[in-house]
Each structure stands twice: as C-alpha cells, then as structure tokens.
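Enquirer: Pasting in a structure now, in structure tokens, and then I'll have a few things to ask.
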Amino acid sequence: MTLLTNKNKEIIEYLYTAERDVREVIKVTDEYLELTVKDAYELQHGLLARKLAEAGTKTVGVKLGLTSKAKQEMMGVNEAIYGYLHSDMLAFEWEAVCYSELIHPKVEPEIAFLLGKDLQGENVTEEDVLEATQYVAPALEVIDSRYKDFRFTLVDVVADNCSSAKFVVGSKWISPSTLDLGNVGMVMSKNGEVAQTGSSAAVLGHPATAIAWAVNELGARGKGLKKGDIILSGAITEAIAFKPGDSVIANFEGLGSVSMYCK
Amino acid sequence: MAVRTIEYAHELLKAEEMRQAVQALTDRDEQLTVEDAYQIQLEAVNVKLAQGKKVIGKKVGLTSAAMQKMLNVNEPDYGHLLDDMRVANGATVKADSMISPKIEAEIGFVLAEDLVGPNITYLDVVMATKYVVPTLEIIDSRVEDWKIKLIDTVADNGSSAKVVVGDKYTALDGVDLRTAGMSLFKNNELLATGAGAAALGHPAHAVAWLANKLHEFGITLKKDELILPGALSGAVPVAAGDTIEAKFGALGSVTVHFE
C-alpha cells in the first residue's frame, strides 16, 4: 500500500503537470501495466485534491463518460466512467475559450442536470435522479485528454479525470418534468455547418439512467452528490475538434441552445 | 486615512441630504484607492444604519462593456440598497428629492439562500435564486455633473438613489436570463431596449461577482435580499412629469412616475 501511495504521487504529479503545462504525455499504463480501474479512481481523487489545493477552486459536480454503446465497444468495456468538475472548468457563452490553454481540445453536446437535493445511495433509480433534479440545461463539454493523440485505456482516462477540461452551460434552465429527456434531439454546428446530430437516447438510453449508474458507483465509495451540483450526463454524439476562430453551437429540442467561441 | 474616510462619507451624506452635489473626491485627493472608496461607502451606510435604516439588498454597477469602457475599468462595482430607497410599483417620486436622477431597468434577483464567496459561480447563483422581479433603478450622483471616476461612484454608494420593484415574481424554471428582453419607455415612447446578457454576459454572473467581491469585505449575500445585477441598457435622464415603464415580456413590467 505504501508503495502504491508513492507510485500514486508520481502519477498524479505526471498528470497534474501535463495539464498545467499544456503538454501531452504518454499514457500511464505504458509504464504501470498493473493498474486497476479502482486504482485509477484513487488517482483521479488524488489529482482532484492536488488541483483544489493548488488553485483554490471547488468541486461543482461530476461528468459522465463512455455513456454510449459505441464508445464502450471501442474501449472494450461495458460500463461508463465519471470524473469531477471544478469551478475553474466553468467556461461562459460570453467569454472565448482560449486554445492556448488546451492541448488538443474537442467539444461534445450534453444535457446538464442541476440538483435541487442531495443525491446519494447504492440503489438510486432513474426516477430518484429526476426527482432530485431541479433543472436541466443544454451544455457543451470541452474534453482534452492529456494523453498523446487521445489514445488511452480505461484506466488511463479515469486517472486523467475522464479527459475533462471545460464546460459551458446554456442559459435556459427548465424543470425535467416538462419534456421527455429520453429523446431530446440535438444538432451541433461548427461555423454554421452541421457537424453532428443525435438524440439524448444515445446516453445509455436515457441520461437519467447514466446518472443513476454514477450515483450508485459513488455511493459504493461512500460518496454522493450535493444540492446545487451540476452533472454532465454524457455525450449525445461524438466529440468534434475545434481550433482558434471556431464557433460551435448546439441546439436542443425544447431546451434551447448553448454556444462557445474559441480564440 | 481613517479620519479622511469618515470626513468624505459625511460630506457625501450631506450632499445627498441637501441635494447639493460636491466636487469629485478624485479631483481633490489623488491618494484615494478603490479600497478607500469602499470604506467611505461602508462608513456612510453605517451612519444610515445608526439612523434606523436597514439594508434590503445590493446593486452591481458598471456591468456593461460600454460603461466599463467609459470609466476605463474592467470590473464592476457595487452599492448598498436601503429600505428608504424602495419605491412601490406605479408610485410617484419627487424629481427634486434628487440632484440629477437617471433611470435604468434591471432584472432583480431574490435569493432563497445565502451566497458566501469565494468561488461562487453563476451556476450557484441560479440554483440559489428564489425568483427574479422586474426593477427600475433610479441612480443619482452626489458628484457635480456626474463627473465620476470609479472611485467617486464607489464612495457614493454606486450612485444609487431609489429602486422601484415590480409586482410579478418569477421562478427561473423555463426562463432564459441571457435572452430575457427589456424595452424601456418614457412617456410611452420607446427609448431603449436590451436583454439579460447586457449585464456582464449573464445577470447571474454579475451576482456571482458580487458574492465573491463582498467576501473580500467579510460581507455575505443574504437570503431574501434584493440584488440588482446591472442595467440592461444605458441610463435615461428623468424629470418631473415623466412616466417610465420597463417591459420585460414574460417577466412582467414595472412603472414609476416623476413629479
């Protein structure tokens, strides 16, 4: 255990500096073949603690990853993953995202859930999630794996806080009871051209199903989500790359839109 | 410094009471800092509290790109709202109770819970908001001819004078605060239009700025306080005989008369 702790410190430093210095690195499992998914979540937790201490930020919620069948098959896994969102990841529709702060960013459309109640447990259902949700809103998540060429194993991506970098939330917030969240259509355009289309059904059949899974995973680790937390429920389509000068907008059926500009 | 802070606070209070503007503090005292200005403001507020007045909320000012450019600053400022500044919707205000009043329309916020900085984001603000309400803020400067720099307006309580609060309170479910539109009418003539995004990109973002700024002074944004997050258009001068109405679409409207 002591050995693992020292190793953990080393890996955490490796990933922390890669992000801070905007530098891509070789994936962790190239050197540490024996790491398990459980180890990876411990690393993620350690990385989070390091960032919070260093930047004076706070945790504002969680994000889900690998919530589509296609991505799970690609990674050879059959479950989703989660990472944490910090206050300094929050980007705004009214301020450009700086490309120079990112390595090789991509953006993907998601539905954000905002909790009006604490949510913790090991038998949480889709209904419990919807009941605890005060608002849903359209969101864009900017992912930016710290690994070279976005190539990683499940263990690598979990340790890297699930490639999270930035997120933007749209300004129309509505109660989840007012629409069928299991089939919300979405069109994402880059510089006016349609780049992706999809439906929220791509997120494990229903975004609330994905969230219930994450809450139960957190519950098994003795953790939970708090009132006021935001959850990015998983990508509705594949992510698209962007460069300085690009504008991306995602329009959601019944939910309005969310946009970002990169400079 | 402490002595001069108190002196300036009393001078501005007297100017407000006598409706007699004074020379800008920055014209006379080059040493003054923004921190000093907030101390002057707090000093003046404390005098009013000692007179039995109560704080009912806060206002954020200088939230538009245009205003920040005009005063050559890159952050907003704030002031205190006191109970004697509150005006009922549709009421009549005496124009000569102020020096050189102007009016602007804002989306007022009422909080369901306290917001304690630092690190408050606009997401926290939206989650903590009980409802929004249409408001008209009447601003006035105790400084001659509105010749203000940032320090002058901060010392002068953000140039605040009165706030007219509408009757319709709306919870945020289904409301888009960036695109929430506003039309400002003077005597039934359309004078200005704007939308929520004019206030620092998103009015809740201005409230988040306020919560974090107040934390520097050990102050907390309190549940049920009224917070004005910044104007949705440029301020319009008003005079006796004017009727001002701001229409916010689904969020309702708010009116005030001047005599």
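Each reported figure results from applying straightforward, stated rules to the coordinates on display, with no laboratory input. Being a predicted model, the structure only gives us computed values, none of them experimental. For neighbour counting, all protein chains shown are included, and Cβ atoms are generated from backbone atoms with ideal geometry for every residue, glycine included.
Enquirer: Please list, ordered by first then second residue, the pairs with beta carbon atoms under 6 Å, 6 or more apart or interchain, first in segment A:161-175 and within 7 Å of chain B (Cβ to nearest Cβ) and among the aliphatic types (A, V, I, L, M), second assigned to a strand (DSSP E or B) and buried (at least 22 other Cβ atoms within 10 Å of the Cβ).
Expert: From segment A:161-175, the pairs are A:VAL169/A:ALA112; A:VAL169/A:ALA137; A:VAL169/A:ALA139.
Enquirer: Check off (1) within 17 Å of the chain's Cα centre (by Cα); (2) of a type outside the set (Val, Ile, Thr); (3) within 14 Å of chain B (Cβ to nearest Cβ) for A:PRO105 and give me the number that stays unchecked.
Expert: It is condition (3) that A:PRO105 fails.
Enquirer: Going through B:ILE219, B:ILE148, B:ILE227 one at a time, which residue ends up being without any contact (Cβ under 8 Å) to a residue 24 or more places away in the chain, among the β-branched types (Val, Ile, Thr) and surrounded by 18 or more Cβ atoms within 10 Å (Cβ to Cβ)?
Expert: Working: B:ILE148 fails: without any contact (Cβ under 8 Å) to a residue 24 or more places away in the chain; B:ILE227 fails: without any contact (Cβ under 8 Å) to a residue 24 or more places away in the chain.
Criteria check complete, one pass: B:ILE219.
This table checks each residue for (1) of a type in the set (A, V, I, L, M, F, W, C); (2) surrounded by fewer than 19 Cβ atoms within 10 Å (Cβ to Cβ).
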{"residue": "A:ARG23", "(1), (2)": "no, yes"}
{"residue": "A:THR29", "(1), (2)": "no, yes"}
{"residue": "A:ALA40", "(1), (2)": "yes, no"}
{"residue": "A:LYS51", "(1), (2)": "no, no"}
{"residue": "A:GLU54", "(1), (2)": "no, yes"}
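Enquirer: So, in segment B:119-148, of the ones that are within 14 Å of chain A (Cβ to nearest Cβ) and part of a strand (DSSP E or B), which residue ends up nearest to A:ALA91 (Cα to Cα)?
Expert: To start, the set of residues in segment B:119-148 that are within 14 Å of chain A (Cβ to nearest Cβ) comprises B:119-132.
So of that shortlist, the ones also part of a strand (DSSP E or B) come out as B:129-132.
Details: B:THR129: 21, B:LYS130: 24, B:TYR131: 24, B:VAL132: 24 Å.
By that ranking, first place goes to B:THR129.
Enquirer: Moving on. Among the strands (runs of 3 or more DSSP E) contained in segment A:165-235, which hold 1 or more residues that are of a type in the set (S, T, N, Q)? Even if it seems obvious, please write down each step before you answer.
Expert: Values: elements: A:185-190, A:193-199, A:230-232.
It comes to A:185-190, A:193-199.
Enquirer: Go through segment A:106-143 and count every residue that is assigned to a loop (DSSP other than H, G, I, E, B) and crowded, with 21+ Cβ neighbours inside 10 Å. It would help to see each step written out before you state the result.
Expert: Taking segment A:106-143 as the starting set, the residues that turn out to be assigned to a loop (DSSP other than H, G, I, E, B) are A:116-118, A:120-125.
Now narrow it down to the ones that are crowded, with 21+ Cβ neighbours inside 10 Å: A:124.
Adding up the residues that qualify gives 1.
Enquirer: Restricting attention to segment A:73-102, which residues are without any contact (Cβ under 8 Å) to a residue 60 or more places away in the chain and either within 14 Å of chain B (Cβ to nearest Cβ) or surrounded by 18 or more Cβ atoms within 10 Å (Cβ to Cβ) (or both)?
Expert: A:HIS86, A:SER87, A:ASP88, A:TRP94, A:GLU95
Enquirer: Can B:ASP167 be described as among the acidic types (Asp, Glu), within 14 Å of another protein chain (Cβ to nearest Cβ) and out of contact with any helix residue (DSSP H, G or I) (no Cβ under 7 Å at 6 or more places or on another chain)?
Expert: On the way: among the acidic types (Asp, Glu): yes; within 14 Å of another protein chain (Cβ to nearest Cβ): no; out of contact with any helix residue (DSSP H, G or I) (no Cβ under 7 Å at 6 or more places or on another chain): yes.
In short, no.
Enquirer: Six or more apart or on different chains, Cβ atoms under 6 Å: show the pairs whose first residue is in segment A:109-126 and more than 14 Å from chain B (Cβ to nearest Cβ) and under 24 Å from A:MET260 (Cβ atoms) and whose second is surrounded by 14 or more Cβ atoms within 10 Å (Cβ to Cβ) and hydroxyl-bearing (Ser, Thr, Tyr).
Expert: Taking only residues 6 or more apart or on different chains, the pairs are A:GLU110/A:SER233; A:ILE111/A:SER200; A:ILE111/A:SER233.
Enquirer: Residues to consider are A:TYR14, A:TYR82; find the one that is in contact with a strand residue (DSSP E or B) (Cβ under 8 Å, 6 or more places away or on another chain) and more than 28 Å from A:VAL136 (Cα to Cα).
Expert: Numbers: A:TYR82 fails: more than 28 Å from A:VAL136 (Cα to Cα).
After applying the criteria, what remains is A:TYR14.
Enquirer: On to the next question. For segment A:31-78, what are the residues that are under 15 Å from A:VAL157 (Cα atoms), in contact with a helix residue (DSSP H, G or I) (Cβ under 9 Å, 6 or more places away or on another chain), assigned to a helix (DSSP H, G or I) and not hydrophobic (A, V, I, L, M, F, W, C)?
Expert: Scanning segment A:31-78 gives A:ASP39, A:TYR41, A:GLU42, A:GLN44, A:GLY46.
Enquirer: Also: Please indicate, with yes or no, whether at least one residue in segment A:75-87 is of a type in the set (Phe, Trp, Tyr) and out of contact with any Phe, Trp or Tyr (no Cβ under 9 Å at 6 or more places or on another chain). Break it down stepwise before answering.
Expert: Our first condition is that a residue be of a type in the set (Phe, Trp, Tyr); within segment A:75-87, this holds for A:82, A:84.
Now drop any that are not out of contact with any Phe, Trp or Tyr (no Cβ under 9 Å at 6 or more places or on another chain), which leaves A:84.
Looking through segment A:75-87, at least one residue is of a type in the set (Phe, Trp, Tyr) and out of contact with any Phe, Trp or Tyr (no Cβ under 9 Å at 6 or more places or on another chain).
Enquirer: I need the full set of residues from segment A:243-263 which are hydrophobic (A, V, I, L, M, F, W, C) and assigned to a loop (DSSP other than H, G, I, E, B), in order please. Full working, then the answer.
Expert: Going residue by residue through segment A:243-263, those that are hydrophobic (A, V, I, L, M, F, W, C) are A:248-250, A:252, A:255, A:258, A:260, A:262.
Within segment A:243-263, just A:LEU255 meets the criteria.
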